[in-house]
Structures are given as structure tokens and as C-alpha cells.
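Quick notes on the structure that follows.
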Amino acid sequence: MATAHRPRFAPPPVRGRPRAFSSDLPIYLAVLLGYILLLPPQLNTSIMGSVLPPYRFFLIPAAIFVFASALSGRFRFTWPDLFVAGAAAWTAFALFMTTEAVDAFTASVAQVTDTALAYFFARAAFRSLRDVRIFLLLMLPGLAVMGGILVYESVTKTHLLQPFVAQFTGQGVNTRIDERLGFMRARGPFPHPILAGIFFASFLPLYWLSGLRGWPFLIGIAASISSFFTVSSAALLALAAGTGLVVYNWLSEQIANLSWRMFFLAGALVTFVLEFGTNAGAFSFVMRFASLNSYSAYNRVLIWRYGTDNVEKNPWFGIGYAEWERPSWMKGSIDHYWLLQAIQFGIIPPLLIGLACAIAIYTLARRSTHSTRVDQRFERGIAIAMAVFAFGVISVAIWLSAQAWFFMLLGITVSLGYAERKRTMPSGLMPVGEVRVPDRRSISHSRQAESGQGMHDGES
């Protein structure tokens, strides 16, 4: 009588799944940070001459979570991680080369917190598309309320949120009213309309391609479109670019010969023609048609011209927070984030951050080609949001919470681009540790197969 073969090792016991709260706690912390980013500047404090907005009180202690996550292997280091860390380190080093020690220390803490800490916190918190969907869903009430405030302020031409909060904190508020296209440039919880516009516009591709349905989808789109009421050229450019890329992605799904590779080749060709085939160059051409008025376009072209002269004179460490060289009649603002970084800290930080953005977008876009249709759309939506944000800041400088969100979005893009795929078990294979005892019928069939019996004509 045959006896069943006993496996040498017993299968491992099945462990229960961890509780949802413990596994989703980093996402809840990310949502908390997202709401803190929406707090108005009247809640900022100042210590040793350095501005401390509420989100820095969150991010600085969160460094413990980031280090613990890195040591536990929650995320593995990639080239974008090294580039962002290198940019933050060079920024701090450049500040000590151009600024007094005390001021350099406080400025370095602020810069590293808003860039590297925000980035690595997102790297540690977000691990899958599910995490990002939960984040977008839980952020929806705050974005909807703030978006509604933007619309109300713009249409009624009345500052609402910041004067209300200033009554309790005693801090001043900018009550200047700027009008464009018949609307007031709304600020909402941000110190400048440009920051509010670029912040809310970045959510349009995220909600559009997230896979959310019903009211969450509609409210998310509406909150993103509220950035129009900042009447900022950067916000309108981001909305137009985001919408155009989402539509192109839909067309690429409908038309077989229309691919993203073709889009990038066409974009590179157009950029080459504008740069070398026109007297103004690609940047001047974009600024001419992306700005709401000719004065703004001309001013951005002058900023680029005199700003690059400053970079040529101080290429490695920049000038810190000193006044940059320009004609006396020009304003001191630099409406170009990448140029501002180069002027203040040298060419190394913007170069490294730009490389991190490019690699992150490329990696996530490439990963999307092997994903299911729903996940593919969301991955491309995140890549589009990151690309539009990185491109949009060529016409605007971002700081404080808007800059922190930029680096959070970069961290999310990197995490998803380098995330490990869940291995699916091919049909007929058993998971490791599971042993099945064959019966006599299966043994008989296997012997017939080995001897060539029982095979039908035409089988091989």
C-alpha cells in the first residue's frame, strides 16, 4: 500500500494582516501635513530672524520618521534621492560661503526643511497608488473649501481668509487689490496669488486621472480649476498644459500611432526651432504668449537676461540673499524658480533638482507602460502633474508651502516610479511553502504522459 510523502518542512503559519490604521498611519500624517500647508501666513512665527510656518514645526520632528524609514528599508535610495540630498547639502554649504554664520544656519535649516525634508517625508509616506488615492480623497474637503474661498475673494474683490485670521493673531495682512480680466487676484491662504495658483493647478491631472469617480472626482476637478481665480499667468499656463497633456493621453489610447515618444520628439523639435530659428529664443517666445500682458512678458525676459549675468559672475555659490545686479528701475523679484536658485546658491542645486525631476518623470512614465489601464492613467497623471509643475516654475518663484508641496510631489513621483511591483503567481503554480500530496490518478496520468500515451493527434 502506497503511503503519501510527508514534506520535510511544514508550511509556515498564515499570519493575520496588520491593522489598517498602523499600515496607513504615514498617509494620515501626509494628509495632516497637507492641511497644515493650507494654513495662512498669519500663523507663522519668527525665531532668530527666521520665519517658521506651521508646516516646519511638523517636518523638523518628522525627520525621525524619515531616518527610521530609511534604516528599516521602507524605501531604497535611488539617484533622485542622492540628487535632492546633494542639492540640499550644496545649498547649505553655499549659504555659509556667502552669509554670516548665524543667518546662514537659520537659512540652511529653512531651505533643507522645505526641500529635502519635504521630499524624503513623501518618499517614506507614499508607497503605492492606493496611498496617493487615499491622500487625494482625504485632502478633498480642505482643497474644496480653500478653492471656494479663492472664487469668493476673486468675484467679490474682497480679501476674506487672511484678514479674518489676522484678527486673532495680530499679524498684518496684505490688503492690496490687484485686478486682471475683471477679477481680483485671490490669495486664499497663500502670501501671493501666484503661489495659490500654481499650488491648486497642480492637482488637476492628479484628480482627473486618479480613477476616483462621482463627487470626489467632480469636486477635485472644481477645486483645481479654482486656481483660475488667482488670475496668474503661471496658474493659467499650468491649467492649460495639464488639460492639454491629459487630453493627449486620452488620444494616445484611442489612436494607435499616437504615442508619447512622438510627443517628446515633436516637443524637442519645436524647442530646437524656437531656440535657433528665432531671434528671441525659446524662453522669450514662451513668455510672450504665456503672460497675460506685454509688460509682464517683457519683465520676465529682462529677469532672464540680467539674472543669467549674475549666475555667470557667481556660478558656484551664488550671492545668497544679497541684492542681485540689475538696472535701478527693475523690481527685485525674480519670477523664475530655477534661475532664482542659481542666483542664490549657484548652478549645482537647480541642476541636481532638475535632473531628479527628469529622472522621476521618465521612470514613472516608463513604468506606466506595464500597468493596467486604470493604474496607467493615474501614473501618467502624476507624471504630468510633476512635469507641469516643474515647467510652470520657469515663470514664477515658489517659496514656503508651495515649495514644500513641489518637493512632496517630487517625492511621490520617485516613490511610485521605483516601487516594487507585486508579483502575481502564474496559473498552476503554488506559493512557496505549500506542499500538495498527489493522488494515485495524477501519478498515473503523469506516467502516461512520460511514455507518450494519452496524447491526442496534433499535440506536441
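A few notes on this one:
- In a fully extended conformation the segment linking M97 and A268 would gain 57.8 nm over its present Cα-Cα distance, using 0.36 nm per residue.
- Estimated inter-spin distance, F67 and T369, nm [label 7 Å along Cα→Cβ]: 4.1 nm
- Residue among L364, N310, Q344 farthest towards the positive dipole end of segment 288-381, charges placed on Cβ: L364
- L52 long-range amide H proximity, modeled H, under 5 Å: T45, S46, I47
- L258-W316 pseudo-label distance in nm [points 7 Å out on the Cα-to-Cβ vector]: 5.1 nm
- For segment 209-245, the residues whose backbone nitrogen is under 20 Å from a point 7 Å from the Cα of T156, taken along Cα to Cβ, are 223, 226-231.
- A full extension of the chain between W250 and R74 corresponds to an added length of 60.0 nm, given 0.36 nm per residue minus the alpha carbon distance.
- Every Cα-Cα pair in segment 65-129 was counted, and those over 16 Å apart are 50% of them.
Read the figures in this text as sums done on the coordinates, not as results from a lab. Just so it is clear, the model here is predicted, and its values are computed rather than measured. When we count neighbours, we look across all protein chains shown, and the Cβ atoms used for this are built from the backbone with ideal geometry, even at glycine.
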